[in-house]
Amino acid sequence: MKKAITSVLALCMALSMAACSAKTQTSDAATENTSASEQAAKSAEPKDIEAAIAKAVGDGYLATVEVAADDLYLTPLADLDMSKISSYVCKQAETPSVDADKVVIVKLSDAAYGDEVVKAFNADFQQSVHYIHQYPFGVKKVEGGKIYKTDDLVIFVIAGKSAGENASADDEAKLATEEYAKIDEAIKSVIGTVPANLATYDANSEGAGNEGGDEIPDKPILGG
């Protein structure tokens, strides 16, 4: 009887040790994956992220014009302290008065400045949503805009294929969702993750009126 009990106890101990070992290995693998993701984000450059987005969207990618340094005052980078930005990409459509597509990505030399960049990008997003409701074309694509922030990167994207002029609102929304899914995958392929979308629109803010345009929700909406 004692031998039987001893054998059972030994088996239980062996199974317990095996379970602990498996749990430790799983935890170690998760830690390694997290570290790899963080390293990918830190080594990523704005030009690499923009190139991945352009490739994912394909022929429908309209943010093809690099904004000259002298014209940055017309972009979301206008009021930012560029001394705290080590590199950037700022591209827009050939006809920004018609197509709101833009990709603005900054790599920060001062990570603490990221919140200010997000604030500036959201101010531009606010204007973009307001404008597109005044002159509605590609409304869902604009409303679906993304603002992502990691430790030293801030990404602002309004992009994707445009729905035809006769497309229904549902079809336009479906296309925007599909295009941003591609864009998210492109971003993930470079930085290893898709951060939370920080793009917001406040319909009650000053200057967010809707004279002559489609109805804008009377509450904040997330940008996708």
- Note on the structure: Expected single match for among the basic types (Lys, Arg) and over 23 Å from Asp170 (Cβ atoms) among Lys140, Lys146, Lys102 is Lys102
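Please verify whether Lys119 is closer than 30 Å to Ala203 by Cβ and not in a helix (DSSP H, G or I), treating the condition exactly as stated. Working first, answer last.
Working: closer than 30 Å to Ala203 by Cβ: yes; not in a helix (DSSP H, G or I): no.
Spelling it out, it is not the case that Lys119 is closer than 30 Å to Ala203 by Cβ and not in a helix (DSSP H, G or I).
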- Query: Listed residues Gly207, Gly192; which is farther than 14 Å from Glu143 by Cβ, modelled with pLDDT under 95 and out of contact with any strand residue (DSSP E or B) (no Cβ under 9 Å at 6 or more places or on another chain)?
  - Reply: Gly207
- Message: When the residues of the stretch 134-149 are narrowed to those that are touching a residue at least 60 places away in the same chain (Cβ under 8 Å) and crowded, with 21+ Cβ neighbours inside 10 Å, which ends up farthest from Glu179 (Cα to Cα)?
- Response: Ile147
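Quick check on Ala100: is it buried (at least 24 other Cβ atoms within 10 Å of the Cβ), over 17 Å from Ala56 (Cα atoms) and of a type outside the set (Asp, Glu)? If you could, list the steps in order and put the result at the bottom.
Numbers: buried (at least 24 other Cβ atoms within 10 Å of the Cβ): yes; over 17 Å from Ala56 (Cα atoms): yes; of a type outside the set (Asp, Glu): yes.
Criteria met by Ala100.
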- Query: Can we say Gln92 is at pLDDT 95 or above and in contact with an Asp or Glu (Cβ under 9 Å, 6 or more places away or on another chain)?
  - Reply: yes
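For (1) surrounded by 12 or more Cβ atoms within 10 Å (Cβ to Cβ); (2) out of contact with any strand residue (DSSP E or B) (no Cβ under 8 Å at 6 or more places or on another chain); (3) not in a loop (DSSP other than H, G, I, E, B), each residue gets a yes or a no:
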{"residue": "Lys47", "(1), (2), (3)": "yes, no, yes"}
{"residue": "Ala52", "(1), (2), (3)": "yes, yes, yes"}
{"residue": "Ala56", "(1), (2), (3)": "yes, yes, yes"}
{"residue": "Asp70", "(1), (2), (3)": "no, yes, yes"}
{"residue": "Ser83", "(1), (2), (3)": "no, yes, yes"}
{"residue": "Ser86", "(1), (2), (3)": "yes, no, yes"}
{"residue": "Lys91", "(1), (2), (3)": "yes, no, yes"}
{"residue": "Pro96", "(1), (2), (3)": "yes, no, no"}
{"residue": "Ile105", "(1), (2), (3)": "yes, no, yes"}
- Task: Please work out if Leu222 is surrounded by 11 or more Cβ atoms within 10 Å (Cβ to Cβ), at pLDDT 95 or above and not small (Gly, Ala, Ser).
- Result: no
- Message: Suppose we keep only residues that are in a loop (DSSP other than H, G, I, E, B) and in contact (Cβ under 8 Å) with a residue 60 or more places away in the chain within the stretch 155-188. Which one would you say is nearest to Lys47 (Cα to Cα)?
- Response: Ala159
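The values are calculated or read from the model by the stated rules, or taken from the named source; none is laboratory data. Source: prediction; values computed, not measured. Backbone-built Cβ (ideal geometry, glycine too); neighbour counts: all protein chains shown.
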